[in-house]
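S.K.: Before I ask anything, let me first share the structure, which is written out below as structure tokens.
The values are calculated or read from the model by the stated rules, or taken from the named source; none is laboratory data. On a predicted model such as this, the values are computed, not experimentally measured, just so you know. Every residue, glycine among them, receives a Cβ derived from its backbone with ideal geometry; neighbour counts consider all protein chains shown.
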Amino acid sequence: VQMNSVQGAVNPLRNSSGDIPSNWLDEQPESLKRPGFFDGVATVLTKLFNIARPNVVVFGQKDAVHCMVVNRVVHDLNFVDIKDVIGPI
């Protein structure tokens, strides 16, 4: 079961902005083995960003899907003060 919204809010990982298909996460191996995993990652990131109010977040490029989740959360939830940096590990 795919949850597209929580209490009326659009899930940023399942958006319909057109640049990334709305089902892109469902096709990832991690999602197939652990349904809802990336939704949980996005929730934790959102809570952390709201509490810590960072200007920069840095993640390693080893896991490309996690990096895409970070980018989607920052972009879709308008964390305009956060620069997301994806760097080598």
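S.K.: Take the residues of region 37-62 that are among the small types (G, A, S) and within 18 Å of D76 (Cβ to Cβ): which is surrounded by the fewest Cβ atoms within 10 Å (Cβ to Cβ)?
M.R.: If we take residues in region 37-62 being among the small types (G, A, S) and within 18 Å of D76 (Cβ to Cβ), then G40 is surrounded by the fewest Cβ atoms within 10 Å (Cβ to Cβ).
S.K.: Where residues in region 30-89 are of a type in the set (D, E, K, R) and assigned to a helix (DSSP H, G or I), which of them is modelled with the highest pLDDT?
M.R.: My answer is K47.
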